[in-house]
């Protein structure tokens, strides 16, 4: 493990909603304020701030992080922004980690925020600009194309059905019914509901997709000597990894997320993990679409290629199963404010490992969890492993 | 080894044209909503942080200095008079063209506030000076909609 | 952890549409002229001539489309232009029934990643399929991953040096 030991000592978040009255800075403040309150720390005890927020186009403000900075406690503090699309939520925690592991800072406040509702006619429209301006945009693409193309490649290669995949949406939306901040928690949703939902870009149907959301999440990270003073249950960062695949997405094997495997291997090596399927007790993979959870479980080496769906079908991925997957309810259930969603998963592990996850609590005193986020043009993998 | 071929005439350099067309629809926020309704009612409010002894205008939901919440008890009326701390006269529009009438802007510390406020300075021909006392001019009540422009601007105190 | 969730104020669409909360609007209108660059500039010029072209890196041996002047894997300049066929194989496809701003389309579009003959295996480009049906059901009957397709070009006088000089790819089989 490179550098000093680092722990997460506090966490807070907003509710995730379709459209908030709060401005971006107010959302950042709500989360940051709760995070500090949760560990009884004050802003003057924070040495540096990491702010994560994805495309400026959503909040509609250039230099978005400077705009958010007052609400994130960044006034007068060394501040940095991380931005790797949806991968930001976990990447921001990694940035917080190296700020402290390096010895430069003892405490860091990590805040991730997104206010997608400002973007009209629909937040989806901002994603249009992810396509190559000369060779792809003239075809009139939309974001759903990329996911649908990847989903079809994955399903075709392994002979998976929509039913196999829809079970992920059901598990996550049901889990989210027990999350106090959830936008789309539904304790009664069934596979039939998903299969009967409107086709958007076949094979993608409406209930396969996470919502657009406004929200923010914040965590407080500290060096060991501070962490032990602040809490009797610090959650340690045991491994981190991140990797970026080629921008030429149409040249890639879309049925397998190599970039996730590369990030995971770095994290496992750092944590000294040789058998991830045995040593990881809770997984929070990124689930913007239901099939992505399966895709990512395979990239994380937690399931054989093409076989992740079996974990769901056999109940292994349930909260009381052998390897709970997305006990939070994930993006599909809690919501998807782009940069904040990944940090929501990190916060979930924090609460789970401390036994504070309430109705979502995974039984058996889990000691180690992994959170993974993903973003950009289907190309970045960010992984963090936490332990207590 | 050179990767780039030199293009001698700009017309030979191919460019692909496109537009990015989105519209931002911005809410005022929890504090902003209330502050703008205050303007609509002909009042300028601030919020005061008791820990930092600092009053923000426009009113804010939280103090950026200590990250404390600024709740109900933090709302105070400020102005409508204040002191001009700086001013400028603008001759160009955002697109770089010349304005038909130059526009004068002021940076004002409203009485009771610590944060500074920017708005238009009215009364052309006034010899503006730092330190001058100014007062807010509201639009007539029926014209106010809950906008920063419910304030017309500031003029020297008469 | 309920204590650490802030009760954020959610709004309904009517709150904005009917002006129950105050909003300001601003268009984000950017006009851009992107240099095509050396590789894509040549690619566009060849499209105008009704041809697809790739670029080879002699170090890894890949023949790449879209062409690029440097190999991003070997991190060295690429070596030569390679003319390609205008036929290929469907790597994956979708049947899209909604537009970029989430409105329903009358006739679904069929975006696809198509591996182009003559380039290295798996070297796909994004384009659309055509002549494959008018409804979701028809299209799902007609289109298969692995299907062989052929570019359908605009007539020469309509081509402008753009990816849309190819109207779409149609099935090669009858």
Shielding of A:199-212 by partner chains, average beta-carbon count, 10 Å:
3
What angle do you read, to the nearest 10 degrees and between 0 and 90, between the alpha-carbon axis of helix C:37-48 and the longest principal axis of chain C?
70 degrees
Taking the Kirkwood radius as the inverse of the mean 1/r across Cα pairs, report the Rg/Rh of the protein assembly as shown.
1.00
So the angle from the long Cα axis of helix B:29-40 to the longest Cα principal axis of chain B, reported in degrees to the nearest 10, equals 60 degrees
Averaged over all directions, how much area does the convex hull of the C-alpha atoms of the range A:45-166 cover when projected, in nm²?
11.0 nm²
Mind jotting down the distance between the C-alpha centroids of the range C:106-174 and the range A:72-86, whole Å?
44 Å
Once you average over the residues of A:128-138, how many Cβ atoms of partner chains fall within 10 Å of each Cβ?
6
FRET E, pair residue B:100, residue A:137, Förster distance 35 Å, beta-carbon r, rounded to 0.05
0.35
Cα-projected label distance for residue A:367 with residue A:157, points at 7 Å along beta-carbon direction, nm:
3.5 nm
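Return the calculated 222 nm mean residue ellipticity for chain A, to the nearest 500 deg cm²/dmol, obtained by summing -39500 (n - 2.57) across DSSP H runs with n ≥ 4 and dividing by the residue count.
-10000 deg cm²/dmol
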Can you put A:268, A:286 in order of Cβ neighbours within 10 angstrom, beginning with the fewest?
A:268, A:286
Rg to Rh ratio, the range C:37-171, alpha-carbon atoms and Kirkwood radius?
1.01
Given the C-alpha centroids of the range A:90-124 and the range C:1-52, what is the distance between them in whole angstrom?
21 Å
Assign one of three labels to the range B:13-158, namely rounded, prolate or oblate, based on the Cα gyration tensor with a ≥ b ≥ c the square roots of its eigenvalues; rounded applies when a/c is under 1.5, prolate when it is not and a/b is larger than b/c, and oblate otherwise.
oblate
Order by neighbour count: A:102, A:53, A:118, fewest other Cβ atoms within 10 Å first, most last.
A:102, A:118, A:53
Expressed in µm² per second, the diffusion coefficient of chain A from the Stokes-Einstein equation, with Rh the Kirkwood radius over alpha carbon pairs, at 10 °C and 1.306 mPa s, is 78 µm²/s
Efficiency of FRET between residue C:70 and residue C:12 - r from beta-carbon atoms, R0 56 angstrom, step 0.05:
0.65
Residue order, fewest to most surrounding Cβ atoms within 10 angstrom, among A:280, A:384:
A:280, A:384
Distance (nanometres) between label positions extended 7 Å along Cα→Cβ at residue A:206 and residue B:130:
6.1 nm
What is the distance in Å between the Cα centroid of the range A:340-388 and that of the range A:167-227?
14 Å
Each label point is 7 Å from the Cα along the Cα-to-Cβ direction; what then is the distance between the points at residue A:314 and residue B:88, in nm?
6.7 nm
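Read-outs: derived from the displayed coordinates by stated rules, not from any lab. Treat the numbers as computed from the prediction; the structure is a model and nothing was measured. Using ideal geometry, Cβ is built from the backbone for each residue, glycine included, and neighbour counts are taken over all protein chains shown.
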